[in-house]
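S.K.: Mind having a look at this structure? Questions to follow.
Read-outs throughout are calculated quantities, based only on the coordinates presented, and are distinct from any laboratory measurement. This structure is a prediction, so every number in the text was calculated from the model and none was measured. All Cβ positions, even for glycine, are placed from backbone atoms using ideal geometry, and neighbour counts span all protein chains on display.
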Amino acid sequence: MTELERRRLVVLTFVTSALEDDVPAFVSNLAGIDWPGAWLEIFTELAPFPRELVSDRIRHAFFWSWRGTDGLSANDALKGQNWELSKDLEDRVDLQVSFMKTFAPAYEELELTYVLYRGQWLSKHNAKLYGMWWTIDPVYASYFATNHFEKYSGQGAVLATVIPSGAIISKLNELEFLIDPSLLGEVHCIDVPPRYSIEECSLTSDQKDDRSRMIGIPNGYDRASLKVWIDQGMKREGLDWCRDYRLRHLRPEIAA
C-alpha cells in the first residue's frame, strides 16, 4: 500500500466508522491521522452530513481524543501525531463550522452567555473574518492578541461581540466556546495591545493576568456589569469594580 492509499483509507475509515457508529474502529483509526492536511480531507468528506447521522458515542470518542473529557487528558488517547485541526483549516472556517455542528457535543444553555471575546489578527478583523474559538474571559482573549502572536509579524486585536442565542455551537470548557461566525452581529475591537516585551514574556501566567489591560472588563456572564460597560462605550479600562473584584478574589495577595 502506498502512502497516498494509506491516507485515503484513514479518511474513509474515519467517515464510515463514524456514520456506522462503530466506536472501536473509529478510535483505533485515529492513530492514523498523522499527516499535515489530514483534517482538511476529513472535514471535506464529512461537511455535507447532517448531525443526526452521528451518535453521541462517536462525538464523545472524538472529543476525548481531541480535547480530553471526563477528567482524562487528550494525551491519553490513541491518536496520530498531527492533530492541528485549526492549522489544517485556518482559512476554511466554513468547513470547521460544518464539521463541528456534526461532531461537537450539543451546547446546553445552563447559564446565558451574553458577550464573548476573541484575540486574533487585526487585519482579519478589518476584513470581517473571524474564527470559531471565543471565550467569556477578556484576559484570556488578550493572550491570543499578544503572547500568541509574538513569533509572527502582524498586529493582534482583542474583540468583543454580543452573542445571539443561536450562534454557539458547543462549549469546550469553562472558558472556551465554539461559535458560528456567520451568525455574529457587530464585532467590536476593544484593544490593539502591544506585543509582550522580553521582560513580560518571563512572567508567570498569573503575573501576566494581573498586568493585563483587560483586567477591568466584565466576563461574558456578568450581564449587569456588561450593560454598564457597553453603555459607557466598551472602554478598554473596563469598570473599577470588575478590576477590584479580580484582584481581590482571584489574586488576593496583590490587593493586600
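S.K.: Count charges around GLY37 for me, please; just the other residues with Cβ under 12 Å from its Cβ, Lys/Arg as +1, Asp/Glu as -1.
M.R.: -2
S.K.: Net charge near LEU53, counting Lys/Arg +1 and Asp/Glu -1 over other residues with Cβ under 14 Å of its Cβ?
M.R.: Residues near LEU53 contribute -2 overall.
S.K.: Can you compute the helix-only [θ] at 222 nm over the chain? Use -39500 (n - 2.57) per DSSP H run of at least 4 residues, normalise by all residues, nearest 500 deg cm²/dmol.
M.R.: Mean residue ellipticity at 222 nm (helix-derived): -10500 deg cm²/dmol.
S.K.: Report the gain in length on full extension from MET1 to ASP231: 0.36 nm times residue separation, minus Cα-Cα distance, nm rounded to one decimal.
M.R.: Extra length from MET1 to ASP231 when fully extended: 76.5 nm.
S.K.: Calculate the FRET efficiency for LEU19 and ARG92 from the Cβ-Cβ distance with a Förster distance of 22 Å, rounded to the nearest 0.05.
M.R.: 0.55
S.K.: So how much slack lies between GLN207 and ASP34, counting 0.36 nm per residue of separation and subtracting their Cα-Cα distance, in nm?
M.R.: 58.6 nm
S.K.: Which length gain, in nm to one decimal place, applies between SER165 and LEU53 when the Cα-Cα distance is subtracted from 0.36 nm times their residue separation?
M.R.: 37.9 nm
S.K.: Mind checking which of TRP134, TRP241, TRP64 has the largest fluctuation in a GNM of the chain, springs on alpha carbons under 10 Å?
M.R.: TRP241
S.K.: Cα atoms only: what Rg and Dmax, in Å, come out for the chain?
M.R.: Using the Cα atoms of the chain, the pair Rg, Dmax is 20.0, 66 Å.
S.K.: Considering lysine pairs in the chain that are 8 or more places apart or on different chains, how many have Cα atoms under 20 Å apart?
M.R.: Eligible lysine pairs with Cα atoms under 20 Å apart amount to 9.
S.K.: Between ASN126 and ASP240, what is the FRET efficiency for a Förster distance of 22 Å, r being their Cβ-Cβ separation, to the nearest 0.05?
M.R.: Using R0 = 22 Å, I get an efficiency of 0.10.
S.K.: Just add up the charged neighbours of PHE62: K/R +1, D/E -1, any other residue whose Cβ is under 11 Å from the Cβ of PHE62. Provide the component values of the computation, followed by the final result.
M.R.: Numbers: positive: ARG57, ARG59, ARG67, LYS79; negative: ASP56.
That sum, taken over residues with Cβ under 11 Å, equals +3.
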